[in-house]
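S.K.: Take this structure first; my questions come after.
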Amino acid sequence: MTGQTTGATLLEASGLSVTFDGYRAIRNLSFAIGERELRAIIGPNGAGKTTFMDIITGKTRPDEGRVLWGPLSRSLLAMNEAQIARIGIGRKFQRPTVFEDQTVRENLIMALKAPRSPFAVLRWKPRRPDLDRTETLATQVGLGQALSRKSGELSHGQKQWLEIGMLLAQEPKLLLVDEPAAGMTLAEREQTTTLLTELAKTRAVVVVEHDMEFVRRLNCRVTVLHEGSVLAEGSLDHVTANPQVIEVYLGR
Amino acid sequence: MKHSFFAKNPSVLLFLACLALFTIAVTVMSEAWGLSLIPTSFVKTLGKTLCLCLVALAMDLIWGFTGILSLGHMAFFAIGGYMIGMWLMYARTEEIVILSLANSPLPATPEEIRQGITSQIFGVVGSSELPPIWSFAHSLPLQLLLVLLVPGLLALVFGWLAFRSRVTGVYLSILTQAMTLTLALWLFQNDSGLRGNNGLSGLQNIPGLGQTSQDVISIWLFLASALALALGYLLLSSITSGKFGSVIRAIRDDETRMRFLGYPVESYKLFVFTLAALIAAIAGALYYPQAGIINPAELAPIASIYLAVWVAIGGRGQLWGAVLGAALVSLLSSWFTGGRAPDLPLGFYTIKWVDWWLILLGLGFVCVTLFAPQGLAGLLQRLAGPLTPRRGGAPLGPDPGALQEKEARE
């Protein structure tokens with residue numbers, strides 16, 4: 001079944017267009033997601049999935065269109081990456097990026113939701129609630145025993161989990177996840193699916209994924225991108241029945 | 001986590017103890033207060049070395065910890081020197097002028113004194129007007145304020161422009177170098193108001209202390225430099241050990257990721273750049289009264305490159321490494337270039353160290369970069385113990401990598 005949009009609209013993008021050196025990566029793309037919703041974005045390579053994420057997180061500026069955020073409909077296009085992250089958009093990259101030179105604890109403490117300005121950070125002292133939260137998060141992602149270890153010593157899978165822990169520590173309202181299933185074992189995929197559906201109960205989660213089997217497990221609304229715009233939207237069964245989708249994405 | 005700062009950072013206490021021992025030893029052996037084993041000129045060299053160690057700490061903060069290779073921080077050092085030098089020279093000349101006018105039949109008017117000072121200081125560049133930038137030179141507190149304000153504001157404005165446009169890496173290095181060169185070229189001009197290429201001189205004579213011998217003054221300045229180094233070390237180690245240190249190291253390693261974590265990377269860079277400039281300026285203000293003279297050649301880009309070499313040889317990202325590198329290389333440098341190193345006759349060719357020192361230094365730099373990227377500090381740490389971090393406590397299991405007691409408790 002399809003997870004319906006719940007709550008008010010959290011993010012609304014409309015009429016987005018981006019051109020890179022004459023190549024139109026995104027054309028007139030519109031997208032909206034509710035406050036507590038899980039959404040999968042699928043599409044072949046070059047469909048504009050990553051570019052779309054880049055626009056939302058402030059990495060790329062669109063040539064046209066607008067992106068509005070929250071009940072106050074603030075425009076995200078006027079903000080830089082750090083400001084967008086601070087209003088509550090977290091992004092998980094495909095390749096795990098943790099700070100390998102620092103311990104698991106230091107990584108988590110940096111990610112904890114707290115004032116980010118240099119002066120606030122200078123004054124910051126480790127207090128009980130912060131340390132407890134760090135420990136809870138570490139335990140949640142299976143790193144409770146590894147708090148004092150350098151994160152560079154962790155295995156690939158553990159780094160993925162540390163990064164997820166860091167995302168949770170940020171307490172984002174919208175979570176963008178790029179190909180979470182890539183390079184994961186079957187058991188890890190199941191764990192990830194459970195986590196993502198769990199998270200989507202309290203916030204919006206957007207998953208960009210290639211793997212149809214994984215998307216089916218997520219059991220959510222699906223947006224199909226093709227050549228930079230939305231080709232179809234609805235439940236997985238609905239979109240896979242769409243002849244256009246079959247033609248461009250599923251092949252044959 | 002309830003330990004004090006020193007318990008968590010034992011190396012800070014060790015460093016401060018070493019510095020204190022060194023300071024006491026030099027004082028006891030000085031000509032002023034002790035056994036006269038160390039000549040006053042060498043006390044001055046040591047005092048200057050301590051100032052160079054302080055500016056190396058600033059360089060380590062900005063390069064070793066934050067990953068910004070600034071080739072401009074010796075400019076802030078020199079500006080600090082110029083700012084204190086203006087007061088030293090003005091007040092000292094004022095004393096001389098008042099003394100020489102004391103014999104005239106009528107008491108000297110303030111205007112006459114002012115004229116006397118101007119002609120004394122600026123006669124050499126053919127100017128009879130006191131340039132406006134000397135407006136505060138009569139007052140020590142104001143000029144001390146300028147020691148911080150001028151480099152601080154310059155760093156703030158320059159850094160804001162550079163970081164806001166997201167200039168990074170080698171481009172930023174070139175930009176900072178261009179800033180240094182521009183300043184030096186401006187100072188070389190006579191109408192800069194700072195005596196052009198003559199610079200400021202006679203800075204070793206502290207106004208009001210005409211009767212005090214240089215032996216005593218040199219020790220006071222030496223002690224002041226040691227105190228400044230100790231305070232600078234404490235400040236920087238407290239900054240770099242906490243969450244702030246964590247954040248700047250993370251910016252060094254992956255600034256894009258830090259942006260997505262919500263950190264205003266540019267503000268951090270600007271903060272660190274300016275703080276390092278302020279520390280450099282203080283170091284410069286202590287250095288030049290011991291050197292006695294400052295001229296625009298001190299701002300040459302090569303000075304800032306030396307600074308980077310000291311920190312690289314000593315060990316980036318390790319505060320005591322930067323101090324070690326600056327002390328070792330600058331002392332060796334003054335030994336080799338001072339003509340005190342014996343020539344090395346090879347039969348067919350005699351190596352004169354005055355000429356060959358730079359080549360030796362260059363080779364040393366290349367070797368460190370290739371074979372010991374962590375610098376001397378990294379080498380010493382490797383000698384002192386195994387590469388794995390000391391984890392404390394006894395192992396809880398039979399395997400070599402088993403959790404240690406301390407980890408299990410945490």
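Values in this text are rule-based calculations from the coordinates and carry no lab data. These numbers were taken from a predicted model, which means no experiment stands behind them. Ideal geometry is used to build each Cβ from the backbone, glycine not excepted, and the neighbour counts take in all protein chains shown.
S.K.: In nm, what is the difference between 0.36 nm times the number of residues separating A:LEU77 and A:TYR23 and their Cα-Cα distance?
M.R.: 17.3 nm
S.K.: Could you give the C-alpha radius of gyration of the range B:5-389 expressed as a fraction of 2.2 N^0.38 Å, taking N as the number of residues it contains?
M.R.: Dividing the Cα radius of gyration by 2.2 N^0.38 Å gives 1.06.
S.K.: How many nm separate the modelled label positions at B:VAL157 and A:ALA241, each set 7 Å beyond the Cα in the direction of the Cβ?
M.R.: For B:VAL157 paired with A:ALA241, the spin-label model returns 6.9 nm.
S.K.: So what's the angle, to the nearest 10 degrees on a 0 to 90 scale, between helix B:40-59 and the longest Cα principal axis of chain B?
M.R.: 50
S.K.: Given A:ALA85, A:VAL18, A:LEU29, which one lies farthest toward the positive end of the charge dipole of the range A:1-93, if we put +1 on the Cβ of every Lys and Arg and -1 on the Cβ of every Asp and Glu?
M.R.: Checked the options; the winner is A:ALA85.
S.K.: Let me ask something else about it. Using a basic spin-label model with each label point 7 Å from the Cα along Cα→Cβ, how many nm lie between B:LYS352 and A:GLN145?
M.R.: 6.8
S.K.: Right, another one. Please compute the average number of Cβ atoms from other chains found within 10 Å of each residue's Cβ in peptide A:53-63.
M.R.: 1
S.K.: With runs of 4+ DSSP H residues as the only contributors, calculate the mean residue ellipticity of chain A at 222 nm using -39,500 (n - 2.57) per run, divided by the residue total and rounded to the nearest 500.
M.R.: -9500 deg cm²/dmol, from helical runs alone.
S.K.: Also, I was wondering about something else. Taking the 0 to 90 degree range and rounding to the nearest ten, how far is the long axis of helix A:128-140 tilted relative to the main principal axis of chain A, both from C-alpha atoms?
M.R.: Here the helix axis deviates by roughly 50 degrees.
S.K.: In straight Cα distance, which aspartates and glutamates are under 12 Å from B:LYS243, not counting same-chain residues fewer than 8 positions off?
M.R.: A:GLU106
S.K.: Sticking with this structure for a sec: How many angstrom separate the Cα center of the range A:14-79 from the Cα center of the range B:282-311?
M.R.: 51
S.K.: What FRET efficiency comes out for the pair B:LEU331/B:LEU140, r = Cβ-Cβ distance, R0 = 25 Å, nearest 0.05?
M.R.: Once the sixth-power term is evaluated, E becomes 0.20.
S.K.: When chain B is treated as a GNM, springs tying every alpha-carbon pair under 10 Å, which of B:TRP356, B:TRP134, B:TRP220 comes out with the largest mean-square fluctuation?
M.R.: Per the Cα network of chain B with a 10 Å cutoff, B:TRP356 tops the list.
S.K.: Ranking B:HIS138, B:HIS73, A:HIS156, A:HIS226 by Cβ neighbours within 10 Å, fewest first, what do you get?
M.R.: Going from least to most buried by this count: A:HIS156, B:HIS138, A:HIS226, B:HIS73.
S.K.: While we're on this one: What is the order of B:ARG166, A:ARG128, fewest Cβ neighbours within 10 Å to most? Intermediate values should be presented prior to the final figure.
M.R.: Values: B:ARG166 12, A:ARG128 8.
Going from least to most buried by this count: A:ARG128, B:ARG166.
S.K.: Angle, helix B:265-291 long axis vs. longest principal axis of chain B, Cα atoms, 0 to 90°, nearest 10?
M.R.: With rounding to tens, the tilt is 50 degrees.
S.K.: Now for a different question. Could you state the principal axis extents of the C-alpha atoms in the range A:168-248, from the largest down, to the nearest angstrom?
M.R.: Principal extents (Cα only, largest first): 41, 28, 20 Å.
S.K.: Where is the GNM fluctuation largest for chain B (alpha-carbon springs, 10 angstrom cutoff): B:ILE68, B:ILE117, B:ILE38?
M.R.: Result: B:ILE38 has the largest fluctuation of those listed.
S.K.: DSSP loop trypsin sites (Lys or Arg not before Pro) in the range A:1-87 with at most 13 other Cβ atoms within 10 Å of their Cβ, which ones?
M.R.: Here no trypsin sites (Lys or Arg not before Pro) fit, given the DSSP loop and packing criteria.
S.K.: Mind giving me the FRET efficiency for A:LYS125 and B:ALA300? R0 is 56 Å, r the Cβ-Cβ distance, nearest 0.05 is fine.
M.R.: 0.85
S.K.: Could you list the trypsin sites (Lys or Arg not before Pro) in the range B:325-387 that lie in coil according to DSSP, counting only those with at most 11 other Cβ atoms within 10 Å of their Cβ?
M.R.: B:ARG340
S.K.: Arrange B:ASP355, A:ASP211 by Cβ neighbour counts within 10 Å, fewest through most, would you? Could you put the intermediate results ahead of the total?
M.R.: Values: B:ASP355 10, A:ASP211 15.
Least crowded to most crowded, the residues run B:ASP355, A:ASP211.
S.K.: Right, here's the next one. For B:LEU101 and B:PHE371 in one chain, what is 0.36 nm times their gap in residues minus the Cα-Cα distance, to one decimal in nm?
M.R.: Roughly 90.8 nm would be gained on extension.
S.K.: Distance cut-off 23 Å, Cα to Cα: go down the list A:LYS92/A:LYS125; A:LYS125/B:LYS8; A:LYS173/B:LYS269; A:LYS92/A:LYS150; A:LYS125/A:LYS159; A:LYS59/A:LYS125 and report the pairs above it.
M.R.: Cα-Cα > 23 Å for A:LYS92/A:LYS125; A:LYS173/B:LYS269; A:LYS125/A:LYS159; A:LYS59/A:LYS125; rest within.
S.K.: With each pseudo-label sitting 7 Å past Cα toward Cβ, what's the B:GLU111-B:ILE293 distance in nm, one decimal?
M.R.: Inter-label distance under the simple model: 3.6 nm.
S.K.: Please give the FRET efficiency for B:THR182 paired with B:LEU149, using the beta carbon to beta carbon distance and R0 = 22 Å, rounded to the nearest 0.05.
M.R.: That gives a FRET efficiency of 0.65.
S.K.: When chain A is modelled as a GNM with alpha-carbon springs shorter than 10 Å, which of A:LEU77, A:LEU16, A:LEU131 fluctuates the most?
M.R.: So, out of A:LEU77, A:LEU16, A:LEU131, the one fluctuating most is A:LEU131.
S.K.: Still on this model: Hey, got a sec? Which trypsin sites (Lys or Arg not before Pro) in the range A:184-244 land in a DSSP loop and have at most 15 other Cβ atoms within 10 Å?
M.R.: A:LYS201
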